[in-house]
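A short write-up of the structure that comes next.
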Amino acid sequence: MLNHRDTVISQYANSPTLLQLIDSMNGYIDPRTDMQSFYDYIWSVDTAEGFGLDVWGKIVGVGRSLRVVADLEAFGFSEGIVYQPFDQAPFFSATDITVVDLVDTDYRKLILIKALANISAMNAKTLNLLLRQLFDDRRCYVIDLGNMRMRYVFEFALTPIEYALLTQSGVMPRPAGVELTILQLDPDGTFGFAGSGLQPFDAGAFYTPAP
(Lines give C-alpha, C1' and ligand atoms only; values in the text may rest on other atoms or scores of the structure.)
Protein backbone atom coordinates (compact mmCIF):
# COMPACT_ATOMS: atom_id res chain seq x y z
CA MET A 1 0.00 0.00 0.00
CA LEU A 2 1.28 3.48 -0.84
CA ASN A 3 1.47 6.03 2.04
CA HIS A 4 0.09 3.52 4.50
CA ARG A 5 0.98 5.76 7.45
CA ASP A 6 -1.68 8.23 6.26
CA THR A 7 -4.35 5.64 7.06
CA VAL A 8 -3.48 5.55 10.79
CA ILE A 9 -5.85 7.62 12.90
CA SER A 10 -4.31 10.32 15.07
CA GLN A 11 -4.77 8.60 18.44
CA TYR A 12 -2.40 5.82 17.32
CA ALA A 13 -0.03 7.95 15.23
CA ASN A 14 2.61 8.11 18.00
CA SER A 15 2.50 4.43 19.00
CA PRO A 16 5.88 2.91 17.96
CA THR A 17 4.67 -0.67 18.49
CA LEU A 18 1.52 -0.28 16.43
CA LEU A 19 3.33 1.63 13.68
CA GLN A 20 6.00 -1.05 13.48
CA LEU A 21 3.32 -3.74 13.15
CA ILE A 22 1.64 -1.76 10.38
CA ASP A 23 4.97 -1.17 8.61
CA SER A 24 5.84 -4.87 8.79
CA MET A 25 2.42 -5.96 7.59
CA ASN A 26 2.62 -3.54 4.70
CA GLY A 27 5.98 -5.02 3.75
CA TYR A 28 4.76 -8.60 3.93
CA ILE A 29 1.33 -8.15 2.33
CA ASP A 30 1.03 -5.91 -0.65
CA PRO A 31 -2.54 -5.75 -2.01
CA ARG A 32 -1.13 -4.60 -5.35
CA THR A 33 0.31 -8.05 -5.97
CA ASP A 34 -1.65 -10.84 -7.62
CA MET A 35 -3.52 -12.31 -4.67
CA GLN A 36 -5.40 -14.66 -6.98
CA SER A 37 -2.13 -16.37 -7.89
CA PHE A 38 -1.29 -16.76 -4.20
CA TYR A 39 -4.71 -18.32 -3.60
CA ASP A 40 -4.47 -20.64 -6.61
CA TYR A 41 -0.90 -21.87 -6.19
CA ILE A 42 -0.50 -21.93 -2.39
CA TRP A 43 -3.65 -21.31 -0.38
CA SER A 44 -6.10 -23.66 -2.13
CA VAL A 45 -5.08 -27.29 -1.81
CA ASP A 46 -7.24 -28.16 -4.81
CA THR A 47 -5.15 -26.02 -7.16
CA ALA A 48 -1.84 -25.61 -5.30
CA GLU A 49 1.34 -26.68 -7.07
CA GLY A 50 4.95 -27.37 -6.13
CA PHE A 51 5.91 -25.27 -3.10
CA GLY A 52 2.25 -24.72 -2.21
CA LEU A 53 1.64 -28.46 -1.93
CA ASP A 54 4.86 -28.85 0.09
CA VAL A 55 3.43 -26.35 2.58
CA TRP A 56 0.17 -28.30 2.79
CA GLY A 57 2.14 -31.52 3.25
CA LYS A 58 3.87 -30.06 6.30
CA ILE A 59 0.54 -28.89 7.70
CA VAL A 60 -1.13 -32.32 7.53
CA GLY A 61 2.06 -34.30 8.20
CA VAL A 62 2.86 -36.19 5.00
CA GLY A 63 5.97 -35.94 2.83
CA ARG A 64 6.42 -36.02 -0.92
CA SER A 65 9.43 -38.39 -1.02
CA LEU A 66 9.23 -42.19 -0.71
CA ARG A 67 11.92 -44.85 -0.48
CA VAL A 68 10.78 -47.38 -3.06
CA VAL A 69 12.07 -50.95 -3.30
CA ALA A 70 12.86 -51.43 -6.96
CA ASP A 71 12.61 -55.24 -6.86
CA LEU A 72 9.96 -56.75 -4.60
CA GLU A 73 11.17 -60.23 -5.53
CA ALA A 74 14.45 -59.90 -3.60
CA PHE A 75 15.20 -62.14 -0.62
CA GLY A 76 14.88 -60.59 2.83
CA PHE A 77 14.09 -61.30 6.47
CA SER A 78 11.07 -58.99 6.75
CA GLU A 79 7.79 -60.66 7.65
CA GLY A 80 4.85 -60.48 5.29
CA ILE A 81 4.79 -60.51 1.51
CA VAL A 82 7.48 -58.02 0.54
CA TYR A 83 10.47 -60.33 0.28
CA GLN A 84 10.93 -63.90 -0.89
CA PRO A 85 12.19 -66.87 1.20
CA PHE A 86 15.49 -68.74 0.86
CA ASP A 87 16.49 -70.22 -2.52
CA GLN A 88 13.86 -68.17 -4.39
CA ALA A 89 15.51 -64.80 -4.95
CA PRO A 90 18.83 -62.94 -4.64
CA PHE A 91 19.68 -61.05 -1.48
CA PHE A 92 18.15 -57.61 -1.08
CA SER A 93 20.63 -54.75 -0.91
CA ALA A 94 20.42 -51.00 -0.32
CA THR A 95 21.06 -50.42 -4.03
CA ASP A 96 17.58 -51.79 -4.69
CA ILE A 97 16.04 -48.71 -3.02
CA THR A 98 15.14 -45.64 -5.05
CA VAL A 99 13.93 -42.31 -3.66
CA VAL A 100 10.84 -41.17 -5.56
CA ASP A 101 9.23 -37.73 -5.31
CA LEU A 102 5.49 -37.82 -5.98
CA VAL A 103 4.18 -35.61 -8.76
CA ASP A 104 1.73 -32.89 -7.76
CA THR A 105 -1.39 -34.84 -8.73
CA ASP A 106 -0.48 -37.87 -6.60
CA TYR A 107 0.84 -35.73 -3.74
CA ARG A 108 -2.37 -33.66 -3.64
CA LYS A 109 -4.40 -36.86 -3.37
CA LEU A 110 -2.17 -38.08 -0.54
CA ILE A 111 -2.50 -34.75 1.30
CA LEU A 112 -6.30 -34.82 1.12
CA ILE A 113 -6.46 -38.42 2.36
CA LYS A 114 -4.05 -37.64 5.22
CA ALA A 115 -6.12 -34.60 6.17
CA LEU A 116 -9.21 -36.83 6.36
CA ALA A 117 -7.32 -39.43 8.40
CA ASN A 118 -6.21 -36.74 10.88
CA ILE A 119 -9.81 -35.92 11.85
CA SER A 120 -11.42 -39.35 11.53
CA ALA A 121 -12.23 -42.00 14.08
CA MET A 122 -9.94 -45.02 14.31
CA ASN A 123 -12.22 -47.88 13.26
CA ALA A 124 -12.63 -50.41 10.43
CA LYS A 125 -15.19 -48.27 8.60
CA THR A 126 -12.79 -45.31 8.42
CA LEU A 127 -9.83 -47.46 7.42
CA ASN A 128 -11.83 -49.05 4.61
CA LEU A 129 -12.86 -45.61 3.36
CA LEU A 130 -9.25 -44.40 3.38
CA LEU A 131 -8.06 -47.55 1.59
CA ARG A 132 -10.66 -47.15 -1.16
CA GLN A 133 -9.67 -43.53 -1.71
CA LEU A 134 -5.95 -44.28 -1.68
CA PHE A 135 -6.25 -47.16 -4.15
CA ASP A 136 -8.96 -45.77 -6.44
CA ASP A 137 -11.85 -47.99 -5.28
CA ARG A 138 -10.08 -51.24 -6.14
CA ARG A 139 -10.96 -54.21 -3.93
CA CYS A 140 -9.06 -53.76 -0.67
CA TYR A 141 -10.21 -53.78 2.93
CA VAL A 142 -9.15 -54.19 6.54
CA ILE A 143 -9.84 -57.28 8.66
CA ASP A 144 -9.94 -57.29 12.46
CA LEU A 145 -8.17 -60.54 13.40
CA GLY A 146 -8.75 -60.11 17.12
CA ASN A 147 -6.14 -60.23 19.87
CA MET A 148 -4.74 -56.81 18.86
CA ARG A 149 -4.08 -57.84 15.25
CA MET A 150 -5.33 -56.41 11.97
CA ARG A 151 -4.67 -57.08 8.29
CA TYR A 152 -4.93 -55.12 5.07
CA VAL A 153 -6.13 -57.35 2.22
CA PHE A 154 -5.59 -56.40 -1.42
CA GLU A 155 -7.21 -58.41 -4.18
CA PHE A 156 -4.61 -57.12 -6.60
CA ALA A 157 -0.84 -56.78 -6.71
CA LEU A 158 0.58 -53.59 -5.24
CA THR A 159 3.21 -51.77 -7.27
CA PRO A 160 6.43 -50.79 -5.45
CA ILE A 161 5.23 -47.18 -5.20
CA GLU A 162 1.81 -48.24 -3.87
CA TYR A 163 3.46 -50.42 -1.26
CA ALA A 164 5.69 -47.51 -0.23
CA LEU A 165 2.64 -45.25 0.05
CA LEU A 166 0.96 -47.76 2.33
CA THR A 167 3.93 -48.49 4.57
CA GLN A 168 5.96 -45.26 4.63
CA SER A 169 3.77 -42.23 4.03
CA GLY A 170 1.91 -42.51 7.34
CA VAL A 171 -1.37 -41.72 5.57
CA MET A 172 -3.02 -44.89 6.92
CA PRO A 173 -3.49 -44.59 10.70
CA ARG A 174 -2.51 -47.54 12.84
CA PRO A 175 -3.91 -48.13 16.33
CA ALA A 176 -1.22 -48.19 19.00
CA GLY A 177 -0.08 -51.67 20.01
CA VAL A 178 -1.87 -53.40 17.13
CA GLU A 179 0.04 -55.85 14.94
CA LEU A 180 -0.44 -55.07 11.25
CA THR A 181 0.07 -57.46 8.33
CA ILE A 182 -0.48 -57.00 4.61
CA LEU A 183 -1.89 -59.65 2.28
CA GLN A 184 -2.01 -59.49 -1.51
CA LEU A 185 -4.24 -61.99 -3.30
CA ASP A 186 -3.90 -63.10 -6.90
CA PRO A 187 -7.51 -63.22 -8.23
CA ASP A 188 -6.41 -65.29 -11.22
CA GLY A 189 -4.98 -68.07 -9.07
CA THR A 190 -7.00 -68.08 -5.85
CA PHE A 191 -10.20 -70.04 -5.18
CA GLY A 192 -13.29 -68.19 -4.01
CA PHE A 193 -17.02 -68.70 -3.82
CA ALA A 194 -19.58 -67.15 -6.17
CA GLY A 195 -19.58 -63.37 -6.10
CA SER A 196 -16.05 -63.06 -4.73
CA GLY A 197 -14.44 -62.40 -8.10
CA LEU A 198 -11.95 -65.23 -7.48
CA GLN A 199 -11.61 -68.57 -9.28
CA PRO A 200 -14.06 -71.54 -9.14
CA PHE A 201 -13.29 -75.16 -8.21
CA ASP A 202 -10.36 -76.78 -10.04
CA ALA A 203 -9.15 -73.37 -11.24
CA GLY A 204 -7.49 -71.88 -8.17
CA ALA A 205 -5.79 -72.81 -4.91
CA PHE A 206 -7.41 -72.33 -1.49
CA TYR A 207 -6.01 -69.42 0.41
CA THR A 208 -4.38 -70.60 3.66
CA PRO A 209 -3.31 -67.87 6.09
CA ALA A 210 0.04 -68.17 7.80
CA PRO A 211 -0.21 -69.45 11.38
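A few notes on this one:
- Taking the stretch 114-160 as the range and being more than 15 Å from Arg174 (Cα to Cα) and hydroxyl-bearing (Ser, Thr, Tyr) as the test, only Thr159 passes.
- Residues of the stretch 12-67 satisfying the condition of being open to solvent by 100 Å² or more (accessible area, probe 1.4 Å), closer than 14 Å to Leu110 by Cα and in contact with a helix residue (DSSP H, G or I) (Cβ under 9 Å, 6 or more places away or on another chain): Asp46, Ile59
- Looking at the stretch 31-134, the helices (runs of 4 or more DSSP H) lying wholly inside it that each contain 2 or more residues that are modelled with pLDDT of 90 or more and under 28 Å from Thr181 (Cα atoms) sit at 51-60, 104-118, 124-134.
The values are calculated or read from the model by the stated rules, or taken from the named source; none is laboratory data. These numbers come from a predicted model, not from an experiment. Please note: Cβ atoms are built from the backbone with ideal geometry, for glycine as well, and neighbour counts cover all protein chains shown. These area figures cover heavy atoms from the full protein model, side chains too; ligands, DNA and RNA do not enter into them. Shrake-Rupley method; radii C 1.70, N 1.55, O 1.52, S 1.80 Å.
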